[in-house]
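Peer 1: First, the structure itself, so that you have it in front of you.
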Amino acid sequence: KKGAGRLDKFTVTVLTAQEKAIQAKYVKECGELGRKPLVDGAEVPSRSFNDVDGGEGRKNHAEAIEGVRQADAETTAVLYSAGIRNHEAKAPGELVAQDVFCDFTKASADLQKEVNDAWRRALREKAEDEKALDCFDRIATEEGLAARFLSEAGARPKSGEAFSEEQIRVIGEHYGFYSFLVGGSAALRTLVLCARYTGDAARNEPHIWTALAGDFYGLAINYQQYCVIEASMRYGMRLRREGKSARRHSDSVPVSAEDSAVGVNADTIRTAGVLSAVRARAIIGDLLILEGKRRASYIAHLRQVLDDAEADDDAAAPMESSERRVSVDESSSSDDSSSSEEEDEAPAAAMDVEAPAPVP
């Protein structure tokens, strides 16, 4: 039977016998204490995976979203059985009370400091072939930071005291730290805490993030582009100051662990070092959202464009056609100005880079 306010209307329609028993016990206890249950009997939230529209390609990934929706219900039941109260596992961005999971600046000062220390430790201690994000998740889980976040979002132990070591372990087993960015790239301000099933699914399907946390996703992408573009421009500038070729030396620039984690690499450095600032920003922005074969194809074409640009002795950092025309007009006589303008009507080589897929 379904009706307004039933759990199976917005989470999962099929529960195991154990889950049903746990929920029944919980609802009964709430009734005896005169409290409103947060699982069964709650009103359907205004934002849930059920309310997600099919825009931006999400309609094609309904199965993945449905799987996450069901996993959230199971996670809620598991945490309840461990004695953790006043908490529901929800999609990132679904509950305002859990916004702190998507924006760590909303956490208390003490928790922000612990997260910052753990992130810096991850940058120092990660293995050579390990992502800073994966190292951070391991460190943060060991230190019980997920339990701290749940506590700041209103979760509490049944005993009314601090979470026990077992409860902290259960929370760390079912909640993990991920990044809104693609390819495992991450910065402190792009991190997100969510149920592990959700985070693992979002690594393969970013629409999980944009379904209800589109604002936070947008902030993370914007922050990444700013960091990568500025850092790449600085590394490129350093090469020019040292009189080094970007083609030969961009892959040997010592990039900091923090810059590398957010997405700075030889291709972004060379792009910033060779092309005009406006064009470099656009191309680097493309590189940060592409994945798989499309990214590989884009990079291969970009490298050819950069080779051609660096081979042009007259333009180590190619200008836009309008910029070239101004330069030519200033240096050319009136007799040959028309021929110079005609020659410069051709678009700059770097503009031939194929257009990327739209941002999810």
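The values are calculated or read from the model by the stated rules, or taken from the named source; none is laboratory data. As the structure is a computational prediction, the values presented were derived from the model and not from experiment. For neighbour counting, all protein chains shown are included, and Cβ atoms are generated from backbone atoms with ideal geometry for every residue, glycine included. Only protein heavy atoms, including side chains, enter the accessible area calculation; ligands, DNA and RNA are left aside. Shrake-Rupley method; radii C 1.70, N 1.55, O 1.52, S 1.80 Å.
Peer 1: Assigning unit charges at the beta carbon (Lys, Arg +1; Asp, Glu -1) and nothing else, what dipole magnitude in debye, to the nearest 20, does the stretch 128-265 show about its Cα centre?
Peer 2: My answer is approximately 700 debye.
Peer 1: In whole Å, what is the distance between the alpha-carbon centres of the stretch 257-295 and the stretch 195-230?
Peer 2: 18
Peer 1: Then there's this: Towards the positive end of the charge dipole of the stretch 142-294, with charges on Cβ (+1 Lys, Arg; -1 Asp, Glu), say which of 219, 263, 236 has the farthest Cα.
Peer 2: 236
Peer 1: Then there is this: So if R0 is 35 Å, what FRET efficiency would residue 215 and residue 244 give, r being the distance between their Cβ atoms, rounded to the nearest 0.05?
Peer 2: The calculated FRET efficiency here is 0.25.
Peer 1: Moving to a separate point now. Roughly speaking, to the nearest percent, how much of the stretch 181-224's 1.4 Å accessible area is carbon and sulfur?
Peer 2: The value for the stretch 181-224 is 48 percent carbon and sulfur by accessible area.
Peer 1: Using a 1.4 Å probe over the heavy atoms of the protein chains, calculate the carbon and sulfur portion of the accessible area of the stretch 248-290 as a whole percent.
Peer 2: Answer for the stretch 248-290: carbon and sulfur cover 49 percent of the accessible area.
Peer 1: Per 0.36 nm of contour for each residue apart, how much would the distance between residue 96 and residue 301 grow if the chain were fully extended, relative to their Cα-Cα spacing?
Peer 2: Gain on extension, residue 96 to residue 301, equals 69.4 nm.
Peer 1: Something else: Given R₀ = 35 Å, what would the calculated FRET efficiency be for residue 234 paired with residue 109, taking r from the Cβ atoms and rounding to 0.05?
Peer 2: Calculated transfer efficiency: 0.70.
Peer 1: Can you tell which of 168, 115, 136 lies farthest toward the positive end of the dipole of the stretch 115-225, using +1 and -1 charges on the Cβ of basic and acidic side chains (Lys, Arg; Asp, Glu)?
Peer 2: Checking the options against the dipole of the stretch 115-225, the answer is 115.
Peer 1: Before I look further, what does the stretch 71-210 give for accessible area per residue, probe 1.4 Å, in whole square angstrom?
Peer 2: 42
Peer 1: Roughly what would the spin-label model give for residue 312 and residue 294, points 7 Å off Cα along C-beta, in nm?
Peer 2: 2.8
Peer 1: Now for a different question. Could you work out what % of the accessible surface of the stretch 63-167 is carbon and sulfur, using a 1.4 angstrom probe and leaving DNA, RNA and ligands out of the count?
Peer 2: 44
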